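Here is the structure we will look at, set down as structure tokens.
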Ligand code: HSE
């Protein structure tokens, strides 16, 4: 009989339990596809007694994930604990040092330490795979690393946080405000333990940093991602954007520009009829553009037991089959340090302002825009009863620097009743 591939699983939350379930229930399918049995030797989690609805019979138990990672009967350390540092990183490093391959769903750890871990793994002749870290069940890491490996990637874009997309699309559908829908998402268990990871754009920013490293051959650099969350998006913005034919999405975009790697995760307006504009609820979508393939769109569940465990198993199966890929698609030592260039590409912007309703206010705003070289494409002032007039402006394509200059000048005027909102309009 061929040699089994022996897994040590650290973390038995939703994803870990899903992986145990697949290994137990799909043993013959896994063996047929890989040519060898895939088995679990040992597991580790915070609580041994918790009922997870799946049998752990026959698996050794380790309280300490580092001890699990070092076990002689483990070939692949499956890290499903999460957290950028702490036990997840310590156990991953221990696994590599002990000569184990690693499969992880941990976007935060790789976004912060991916380059060092990839170098260590390659020096030890081991692999680190992370399909489950980005967009849950969507095989986007494989698509970039393998399916599109013959392309020069021109742009990577996506909605990669289902919770934010849920909140934004429910605001649109129900007319409820951000706070009410944040509470609803919390009640449904959609939010991370630290909700700022979701609504602050950090979780999605981690994912974008990982995809950008593969797409552009750069050392993963989370600090280079320009981040903005959805907390300040109002129902007014959602409605006004819809009025003008747009939807608001927490959108990640990474592209190489003449000034460096532009990578940003921020609320953007996208055309309502575009595939991203039509993406509803907690679903994820990633758009990949390459010089030969042109554009492909991947859509699917970005979280949850089945989808994320499916992605973990894809990596386990690769290792069982003997497929050994560099962590970020090329040897880590050849990845370059890319210059970050936030918002280097010009774009039209949506501006929402509440102007003091007195003669000349709008003219002063228009002058500031004009003097900074920002041209107005469309403008609307809405009927109002309060003293402040709601004004919407859509600009022609402009550089972010020019827009910031104009906004700074507008803030110095005596015409704003509240801080202006500026959102990029992305052509998708
Ligand atoms: N919290 C994430 C989301 C799932 O809402 O998409 C895990 O990354």
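The numbers here are math on the coordinates, done by the rules we state, and not lab data. The shown structure was predicted, so the numbers you read here are calculated from the model rather than taken from an experiment. Methodologically, a virtual Cβ is constructed for each residue, glycine included, from the backbone with ideal geometry; neighbour enumeration extends over all protein chains shown.
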Place a point 7 Å from the Cα of residue 183 in the direction of its beta carbon; the residues of segment 227-254 whose amide N falls under 19 Å from it are 231-236
Taking Cα atoms, how many degrees apart are the long axis of helix 400-412 and the longest axis of the chain, rounded to 10 and kept between 0 and 90? 50 degrees
Take the Cα radius of gyration of segment 164-252 and divide it by 2.2 N^0.38 Å, with N its residue count; two decimals is plenty. 1.20
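May I ask you to give the average projected area over all directions of the convex hull of the Cα atoms of segment 5-133, in nm² rounded to one decimal? Don't skip to the answer; put the middle values down first.
Numbers: hull surface 29.3 nm².
So the mean shadow area of the Cα hull is 7.3 nm².
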Above 17 angstrom, tally the Cα pairs of segment 70-140 and express them as a % of all pairs, no decimals. 36 percent
Using just the Cα positions, wrap the chain in a convex hull and report its mean projected area in square nanometres, one decimal place. 21.8 nm²
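If you count, for each residue, the other Cβ atoms within 10 Å and average over each peptide, how do 178-191, 235-248, 106-119 line up from highest to lowest? Spell out each step's value before the answer.
Values: 178-191: 14.8, 235-248: 18.1, 106-119: 22.7.
Averaged packing, sorted descending, gives the order 106-119, 235-248, 178-191.
For segment 1-43, what does the convex hull of the Cα positions come to per residue, in cubic angstrom? Please list the in-between numbers first.
Details: hull volume 2.6 nm³, N = 43.
Roughly 60 Å³ of hull volume per residue.
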Under a no-solvent Debye model with one identical scatterer per Cα of segment 349-425, what's log10 I(q)/I(0) at q = 0.14, 0.15, 0.19, 0.27 Å⁻¹? -0.38, -0.44, -0.71, -1.46
In Å, what is the Rg of the alpha-carbon atoms in segment 349-394, and how long is Dmax? 10.6, 33
Plugging the Cβ-Cβ distance of residue 324 and residue 381 into 1/(1 + (r/R0)^6) at R0 = 45 Å yields, to the nearest 0.05, a FRET efficiency of 0.15
For residue 36 and residue 235, calculate 0.36 nm times their separation in residues minus their Cα-Cα distance, and state this gained length in nm to one decimal. 66.2 nm
Just the Cα atoms of segment 117-165: what Rg and Dmax do they give in Å? 13.6, 40
Segment 286-337 and segment 45-97: distance between their alpha carbon centers, rounded to Å: 23 Å
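Which ordering of 386, 426, 122 is given by a fewest-first count of other beta-carbon atoms within 10 Å?
Working: 386 9, 426 21, 122 17.
In order of increasing Cβ crowding within 10 Å: 386, 122, 426.
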Just to be sure I understand: with springs between alpha-carbon atoms less than 10 Å apart, which residue in 126, 378, 352 has the highest mean-square fluctuation in the Gaussian network model of the chain? 378
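Rounded to a whole number, what is D in µm²/s for segment 270-428 from Stokes-Einstein with the Kirkwood radius over alpha-carbon pairs (4 °C, 1.567 mPa s)?
Numbers: Rh = 19.9 Å.
Estimated via Stokes-Einstein, D reaches 65 µm²/s.
What does the extension gain come out to for residue 196 and residue 51, with contour length at 0.36 nm per residue minus their alpha carbon separation? It would help to have the intermediate numbers written out before the result.
Details: separation 145, 0.36 × 145 = 52.20 nm, distance 2.92 nm.
Between residue 196 and residue 51, full extension yields an extra 49.3 nm.
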Placing one equal point scatterer on each C-alpha of segment 20-79 and summing with Debye, one gets log10 I(q)/I(0) at q = 0.21, 0.29 Å⁻¹ equal to -0.91, -1.29
Indicate, rounded to the nearest 5 percent, the antiparallel portion of the DSSP beta bridges found entirely in the chain. 65 percent
Quick one: if the Förster radius is 35 Å, what FRET efficiency do residue 363 and residue 259 give, using the C-beta to C-beta distance and rounding to 0.05? 0.55
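At 20 °C and a viscosity of 1.002 mPa s, what translational diffusion coefficient does Stokes-Einstein give for segment 312-390, taking Rh as the Kirkwood radius over Cα pairs? Give it in µm²/s as a whole number. Working shown, then result.
Details: Rh = 18.4 Å.
It diffuses with D of about 116 µm²/s by this estimate.
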Pairs of Cα atoms under 8 Å, at least six residues apart: use those to get the relative contact order of segment 349-425, whole percent. 49 percent
Report relative contact order for segment 232-300 in percent, whole number only (criteria: Cα-Cα under 8 Å, sequence separation at least 6). 22 percent
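What's the exposure ranking of 342, 263, going from fewest to most Cβ atoms within 10 Å? Could the numbers behind the result be given before it?
Details: 342 16, 263 31.
Ascending number of Cβ neighbours within 10 Å: 342, 263.
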Cα-only radius of gyration and Dmax that characterise segment 118-270, units Å: 17.0, 56
Values of log10 I(q)/I(0), in the order q = 0.15, 0.17, 0.25 Å⁻¹, for segment 121-211 under a Debye, Cα-only, solvent-free model: -0.70, -0.83, -1.25
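Could you grab the relative contact order for the chain? Cα pairs under 8 Å, six or more apart, rounded to a whole percent. Walk me through the numbers on the way to the answer.
Values: 921 pairs, mean separation 68.5, N = 428.
Answer for the chain is 16 percent.
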